[in-house]
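To start, the structure under review is shown below, and the notes come after it.
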Amino acid sequence: MRLRALALACALAACGSSEDEASPAAAAMLNPPTPLPECPDADYAACDVREPDCQSSIAALAACVRDSEPLTVPIEVLSESDYIALLQAEAEGTPDAEVEHFQRALAWLELAPEQTATREEEIAHHATNVLGVYRSKEKRIIIVDHGKPADTPYIDATLLHEVVHALQDADYDLTTWPGEPAQTFDARLARNAVVEGEADFYEYRAVAALLGLDVAEVDFESALLEHLDFVQARLSESTAPYRDSYATFPYGFGALQAFHAWQDGGPRGTDAIWASPPGTTQQLMAVQLGLNEPQATPLELPLPEIEGLTLYASDVLGAWGFHLVLDMDGVSNPAERSLDWRGDRLRVFTDTDNQPYLLWQLELASEDAARLLTRTRAGCTGRSFATRAFVSCGDHEVRDELTSWADAWLSGE
Amino acid sequence: MQPFWSWVGIAGGLVGACACSSGDEPDAGSYEAGLAALCDGLSEGYRRCRVRNRDYDYCGYSPEGYDGQGLAAVGACLRTEDCEALASDEPAAHCFDEARRTAPLRQVVVDYCESASLNYFRCNSWWSVEDCSEGMRLWNDATLLNAVGCHQQPCEELSNCETIVFEHPR
């Protein structure tokens, strides 16, 4: 899936439209596109993604850069309103998920607003921000027309990104890869980074040629690190960083991961990532930033069993979730400091009056990291001891039994 | 996103009166000659269309840093510009766009754009060489050469550096 504004691009109608072709004399002065060395015969001219010939040439380029067998996949361009209508029709009759208490829990940690967005709001948010999507169940691509020209390198690269997903699907079956479903926020982000990261990296590689650049001169490392900074900055400004992490983390860290794998092993160098995907965001971040010790599996945290409290939801926020909280708290270098994560478990309970309570437990690599969670937070208590920390929250008062249990866990009782 | 200085010249140029004089003829191709051609074209357009509530001898454009030949192309367009456009709040906007698209492409523009596109890419900003060459064609050689000097800056400095160059052109 390709999201808007993850790469700044020419967005004005005055640039790149097929109605403004350069004069023959001007065109002669511009150097012809420098082909990617791995795809010397591909077509690098900007083209209209609504045209079948363009779709074929972009699909061929995608297969070439990824060293895959060419694939024909249905491609449809929908207006934003038509895409919204499609999503609404598909959602009709599907009951709304029960997330109210989980939303409240995230709000205590400033990872989400208190009010759950309506289905219509979520659909509109998605449609507004998505440039293209590959639908693995239907094996088709939708490009969302946001009113910009359809024949720019930017939109051509978007189509290429989605074709890469189709190629991934052909190799690995995206509906089932890698076998075990990812059950947590942390695991889903780590896994999505493989899928979106590879597509993002090949998009960057191809777009360099589409922009008229000689790829031999392009500094991909710098561009992808800037891309990472950009997505992190977006999250710092977000009022829903938990939700928006799905639209940022996999692209920022994933593209770096794919680039480094490509540097090591060429186009099929990413096969190694597919065969052994990162299990946690900490593992991915530690490897890509070259910091700390990568943790492939999280430590498990024990479940409190307290009379009167029923487990409502459970999740693992991971190092990335820890980073989000630290960033919200104004901690300096949150990404680096979050790498001390060794395991966490966020659990939401309800009492007999259906009031929600949160207990977020963390195992960390240092006492300094654990102490970062003891800041005063409205409606919550945060404590640490040695390398353990917890945050417990409640609407009216922190549940004494829950906090007492967490205190005992802190000290290893 | 396309840098704003591809159009800042127009905004900057709307302030101040035309400095055209009837003294010695400026060198053909110079900024002065180009500006004179622009102003003459605008004046002729106003008269042809009998645009109301306009001083036909008041130009109002002096886009600093623009190439003389480009400005002359704007003037040629204004002579035959649509009357509705001439009567609008931005009478020369369409002609500036036309000039950008049709003015001769100079090697200095190509050199600037190849450098800009490469270094903006390094900074996670996508601007094709072709789009740049169309958007930047009206800037003069000295300003573009000055801007190239910004391209080796770190990403957080690059944009600021170019802003200064294009807001205070040579």
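What follows is calculated from the coordinates using simple rules that are stated; it is not laboratory data. What you are looking at is a predicted structure, and each value in this text was computed from that prediction instead of being measured. Note that we place each Cβ from the backbone using ideal geometry, even for glycine, and neighbour counts take in every protein chain shown.
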Check: How big is region A:257-413 on each of its three principal axes, counting only the C-alpha atoms and giving the largest first in Å?
Finding: 58, 29, 28
Next item on the list: Determine ³J(HN,Hα), in whole Hz, for all residues of region B:100-108 in sequence, where each value follows from phi through the Karplus function 6.51 cos²θ - 1.76 cosθ + 1.60 and θ = phi - 60°; x replaces Gly and Pro.
Entry: 4, 7, 10, 4, x, 7, 9, 4, 5
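Rounded to the nearest 500, what is chain B's calculated 222 nm mean residue ellipticity when only DSSP H runs of at least 4 contribute -39500 (n - 2.57) each, over all residues?
Working: 9 runs with 95 residues, N = 170.
Taken over chain B, the calculation gives -16500 deg cm²/dmol.
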Check: Once amide H atoms are placed 1.01 Å from N in the peptide plane, what residues at a sequence separation of 5 or more from residue A:132, or on another chain, have their amide H within under 5 Å of its amide H?
Finding: A:2, A:144
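Students often check this: by mean Cβ neighbours within 10 Å, which of A:129-135, A:50-56 ranks highest, and how do the rest follow? Don't jump to the answer; show the numbers that get you there.
Numbers: A:129-135: 21.3, A:50-56: 14.9.
Taking the mean over residues of other Cβ atoms within 10 Å, the ranking is A:129-135, A:50-56.
Using the 2.2 N^0.38 Å rule of thumb for compact globular proteins, work out how region A:61-188 stacks up: its C-alpha Rg over that value, please. Provide the component values of the computation, followed by the final result.
Values: Rg = 17.4 Å, N = 128, 2.2 N^0.38 = 13.9 Å.
Scaled against compact globular proteins, the figure is 1.25.
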Next item on the list: Please list the equivalent ellipsoid semi-axes of chain B, computed as the square roots of five times the alpha-carbon gyration tensor eigenvalues, in descending order and whole angstrom.
Entry: 31, 16, 14
Item checked: Relative contact order (percent, whole number), region A:15-173, Cα cutoff 8 Å, 6+ residue spacing -> 32
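Compute the signed sum of charges (Lys and Arg +1, Asp and Glu -1) over the other residues within less than 10 Å, Cβ to Cβ, of residue A:186.
Values: positive: A:188, A:191; negative: A:315, A:344.
Value of the local net charge: 0.
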Check: Can you give the percent of C-alpha pairs in region B:117-170 whose distance is more than 16 Å?
Finding: 41
Next item on the list: Per DSSP H run of n ≥ 4, the term is -39500 (n - 2.57); total these for chain A, divide by its residue number, and report the mean residue ellipticity at 222 nm rounded to 500 deg cm²/dmol.
Entry: -13500 deg cm²/dmol
Check: In 5 Å bins starting at 0, how do the alpha-carbon pair distances of region A:133-185 split up by percent?
Finding: 5, 18, 22, 18, 15, 12, 6, 4, 0
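Relative to the compact-globule scaling 2.2 N^0.38 Å, provide the ratio for the alpha-carbon radius of gyration of region A:150-221.
Details: Rg = 14.7 Å, N = 72, 2.2 N^0.38 = 11.2 Å.
The reported ratio for this selection is 1.31.
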Next item on the list: Please give the average number of partner chain Cβ atoms lying within 10 Å of the Cβ of each residue in B:130-138, rounded to a whole number.
Entry: 6
Margin query: With an 8 Å Cα cut-off and a minimum separation of 6 or more residues, compute the relative contact order for region A:193-297 in percent.
Written below: 32
Next item on the list: Report the net charge of residues surrounding residue A:316, where surrounding means a beta-carbon distance below 9 angstrom and charges are Lys +1, Arg +1, Asp -1, Glu -1.
Entry: -2
Check: Rg and Dmax of region A:308-351, using alpha carbons, in Å: what are they?
Finding: 12.9, 40
Notebook entry, point to check: Pick from A:41, A:315, A:344: which is most flexible by mean-square fluctuation in a GNM of chain A where alpha carbon atoms under 10 Å apart are linked?
Noted result: A:41
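Tally Lys and Arg at +1 and Asp and Glu at -1 over the other residues with C-beta under 10 Å from the C-beta of residue B:156: what net charge comes out?
Values: positive: none; negative: A:226, A:229, B:157.
That works out to -3.
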Item checked: Convex hull of Cα atoms in chain A, direction-averaged projection (nm²) -> 21.2
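How about region A:279-382: which GluC sites (Glu not before Pro) there are in a DSSP loop, with at most 16 other Cβ atoms within 10 Å of their Cβ? Can you show the working numbers first?
Numbers: sites: A:300, A:305, A:307, A:336, A:363, A:367; in loops: A:300, A:305, A:307.
Here the GluC sites (Glu not before Pro) that fit, given the DSSP loop and packing criteria, are A:300, A:305, A:307.
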Next item on the list: Quick one: grab the alpha carbon gyration tensor of region A:150-307, order the square roots of its eigenvalues as a ≥ b ≥ c, and give me rounded if a/c is under 1.5, else prolate or oblate depending on whether a/b is larger than b/c.
Entry: prolate
Check: What per residue convex hull volume, in Å³, do the alpha-carbon atoms of region A:362-413 yield?
Finding: 55
